[in-house]
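The values are calculated or read from the model by the stated rules, or taken from the named source; none is laboratory data. Because the structure is predicted, anything quoted here is derived from the model rather than measured. Every residue, glycine as well, gets a Cβ built from its backbone with ideal geometry; the counts of neighbours run over all protein chains shown. Quick note on the areas: whole protein, heavy atoms, side chains included, nothing else; ligands and nucleic acids left out. Shrake-Rupley method; radii C 1.70, N 1.55, O 1.52, S 1.80 Å.
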Amino acid sequence: MERTRWYKDSVFYQIWPRSFKDGNGDGMGDLLGVYEKLDYIKSLGVDGIWFSPLYPSPGVDCGYDISDYMDIAQEFGGMEAFKKVLDGAHERGIRVIMDLVVNHTSDEHEWFQKSRQRIDPYTDYYIWRPAKPDGSLPNNWDSMFEGKAWQWDEARGEYYLHLFAIRQPDLNMDNPLVREEVKKILKFWLDLGVDGFREDVITFISKKEGLPDDHLYPASKGIRFYNHGPHIHEYLQEFRRDVLSKYDCMTLAEAPLVSPEMALSYISEEDPGPNGSDIDMMIQFQCMTGDCFLTDYMPLKFSLRRLKKAFTSWQEGLLGKAWNMLYLENHDHPRVVSRYGSEKFRKESAKMLAAMYLFQQGTPFIYQGQEIGMTNWYPKTIGQYEDVQTLNQKTWLPDGLRLKLYHRASRDSARTPMQWSAGEYAGFSTAEPWFSINENYKEVNVEEAEADPDSVLNFYRRAIRLRRKLKIVKDGSFKEYDHSSGKFYTYERSDGQHRLLVICSFSEKEELYKLPSGFDFSKGRLILCNYKKVSRKADRFTAHPYEVRVYLF
Ligand code: GLC
Ligand code: CA
């Protein structure tokens, strides 16, 4: 089937179902709740939804531990509710993509239950190894979430590999039967009408033969032996050849530690694999390192230069060759206003950040709550955290410091219930929600934002409308100005005829801004900004804190 690459015109909204909207009053978000809010989603101007996992799961990793790939969890309303949402979305011109989590399953998945008892054909569905002759673990790899990457299984009398939580055993993708299962899953959902997949840590699925010890890496030992592993392109090509190529669908790969150059080996449109490019877009992590080193748990002082480098290198690196996925938030990172913006200038900085990424080239994703400028959550005790990753980070730190680190880095900061109103339980549910609500819900909520023409929400709507109207945003070239500035991020999109100039201040103070040479204010039209009073002289202005201006020349 011809690939129309429809996603290049789309804007996506990510739903993390537990915390989006409770429709049946049991305190847990669900599909009935999503159904109620489809018009709201549509009103943002988005035309795609990515659902974090909706499948049956014991919930050790909030659904990323799947026990049945071909069903929808009862707590979310089951298959019937899903079909209703899918139809409702399609009727509104909204496409739907699912989360495909096939690096690992839940330990409650039938495949694992049978594999541990060596029941064929499941015996080699997972990565089982005996201890080393000296009795030690099969190798020295680390798990991302819980200690070492190996767990002893009594029933089988062997260790199994888990790159994530203990209860998330890794599948053995080298086994052709497992790849057949993946293809069945893809086909099942595509035939049901979904429009594509976000593929969870998909670059981890091929492990180096022999699973060697890692003597190089101090932390995340082993990652160089399974990230972008030996057969990764082969397996992705196989999925494309046998299933994906038969549908006009979209795929999005989560890819830790990937540069634009490396990304091209997966997503190049100029030089794709024999069956087409492996996947369509990458979720890269470099744009998440403006205030940390590699992961949120290695915090650094925010550096605008580092952030600019991340965004710009992907814009320049993929231009004309492949397509970017753009994001500032998802369920795995704290809220962006609290990180790259300012809680003190919440509205201003939320808007500036929105414009900063929405006018770049690529398909933008907005994470639930981002569109109203939700901020991080600051619980008083460690015990209030739920997330398996959070609770296993730096457990050796004294409590006070640990709490401070979690405030800054935890994924739970972005997982509190969506704030719909100033009413009881923030309008998320009629019952006590499954998880704490951010204390600021009385000021920060959808109801308040709907009533205020200058809200963050309405700014998102305007920015999305503009990005749709201006073809230059989709196709224009990219050029960065003020490269060395630690205060401003300025870039231009151009189609030869017109130029779009986006000027973003990342400063809490007023700052003098000088227009790059070659631009004349008197010729430009200000099409979007986040302050009412806009001052200007011929070639300079004093920017307010976190001011953003978008000009069309
Ligand atoms: C991905 C998901 C994350 C999950 C992990 C293990 O990074 O986005 O939420 O915990 O994979 O599946
Ligand atoms: Ca519910």
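Translational diffusion coefficient, Stokes-Einstein: compute it for segment 105-172 using the Kirkwood radius over C-alpha pairs as Rh, at 25 °C and 0.890 mPa s, and state it as an integer in µm² s⁻¹.
For these conditions, the coefficient is 208 µm²/s.
Viscosity 1.002 mPa s, temperature 20 °C: Stokes-Einstein D of segment 23-79 from its Kirkwood Cα radius, in µm² per second?
174
How large, in percent, is the carbon and sulfur part of the accessible surface of segment 378-523 at a probe radius of 1.4 Å?
It is 50 percent, rounded to a whole number.
Quote the relative contact order of the chain in percent (integer), defining contacts as alpha-carbon pairs under 8 Å separated by 6+ residues.
13
Return the carbon/sulfur percentage of the accessible area of segment 96-168, one whole number, probe 1.4 Å, all protein chains in place.
Of the solvent-accessible surface of segment 96-168, carbon and sulfur hold 48 percent.
Given a 1.4 Å probe, how much area per residue of the chain is accessible, in Å²?
38
Set Lys and Arg Cβ to +1 and Asp and Glu Cβ to -1, take the dipole of the chain about its Cα centre, and tell me which of SER303, GLY33, HIS162 lies farthest positive.
Projecting each Cα onto the dipole axis, the largest value belongs to SER303.
Angle check, please: helix 78-91 long axis (alpha carbons) against the longest principal axis of the chain (alpha carbons), in degrees 0 to 90, nearest 10.
30
What percent of all Cα-Cα pairs in segment 345-389 falls into each 10 Å bin, going from 0 up to the bin containing the maximum distance?
21, 38, 27, 13, 0
Can you pull the Rg over Rh of segment 126-212, Cα-only, Kirkwood?
With Rh from the inverse mean 1/r over Cα pairs, Rg/Rh is 1.05.
To the nearest 20 debye, what is the magnitude of the charge dipole of segment 473-552 about its Cα centre, counting +1 on the Cβ of each Lys and Arg and -1 on the Cβ of each Asp and Glu? Kindly include the intermediate steps, with their values, before the conclusion.
Working: 15 positive and 11 negative charges, 63 e Å.
The dipole magnitude comes to about 300 debye.
So for segment 473-552, Kirkwood radius off the Cα pairs, Stokes-Einstein at 4 °C and 1.567 mPa s: how many µm² s⁻¹?
It comes out at roughly 101 µm²/s.
Taking a quarter of the surface of the convex hull around the Cα atoms of segment 322-453, what do you get in nm²?
Working: hull surface 37.7 nm².
Convex hull of Cα atoms, orientation-averaged projection: 9.4 nm².
Looking at the P(r) of the chain, how many percent of alpha-carbon pairs lie beyond 40 Å?
In whole percent, the long-distance tail amounts to 23.
If you scale each eigenvalue of the Cα gyration tensor by 5 and take the root, what three semi-axes come out for segment 44-178, rounded to whole angstrom and sorted largest first?
35, 15, 12
Can you give the net charge of the other residues whose Cβ lies under 9 Å from the Cβ of GLY193, counting K and R as +1 and D and E as -1?
Values: positive: LYS83; negative: ASP87, ASP191, ASP195.
Cβ neighbours under 9 Å give a net charge of -2.
For the chain, build the charge dipole from Cβ charges (+1 Lys, Arg; -1 Asp, Glu) around the Cα centre, then report which of PRO56, TRP152, CYS504 sits farthest towards its positive end.
CYS504
Please report, in Å, the Rg and the Dmax of segment 170-278, where both are computed over Cα atoms only.
Rg, Dmax (Cα atoms, Å): 14.6, 46.
Among the listed pairs LYS301/LYS532; LYS114/LYS183; LYS301/LYS514; LYS207/LYS309; LYS344/LYS471, which are separated by more than 24 Å between their Cα atoms?
Over 24 Å apart, Cα to Cα: LYS301/LYS532; LYS301/LYS514; LYS207/LYS309; LYS344/LYS471.
Using only Cα atoms, what Kirkwood radius does segment 391-492 have, in angstroms?
17.7
Where the accessible area of segment 4-81 is counted over protein heavy atoms with a 1.4 Å probe, how much of it, in %, is carbon and sulfur?
Ligands and nucleic acids excluded, carbon and sulfur give 45 percent.
Tell me the mean residue ellipticity at 222 nm calculated for the chain from its helices only (DSSP H runs of n ≥ 4, each -39500 (n - 2.57), averaged over every residue, nearest 500).
-7500 deg cm²/dmol
Out of the GluC sites (Glu not before Pro) in segment 308-350, which ones are loop residues according to DSSP with at most 16 other C-beta atoms within 10 Å?
Answer in residue order: GLU343.
If r is the Cβ-Cβ distance from ASN275 to LEU401 and R0 is 51 Å, what FRET efficiency results, to the nearest 0.05?
Working: r = 50 Å, r/R0 = 0.99.
Approximately 0.50, to the nearest 0.05.
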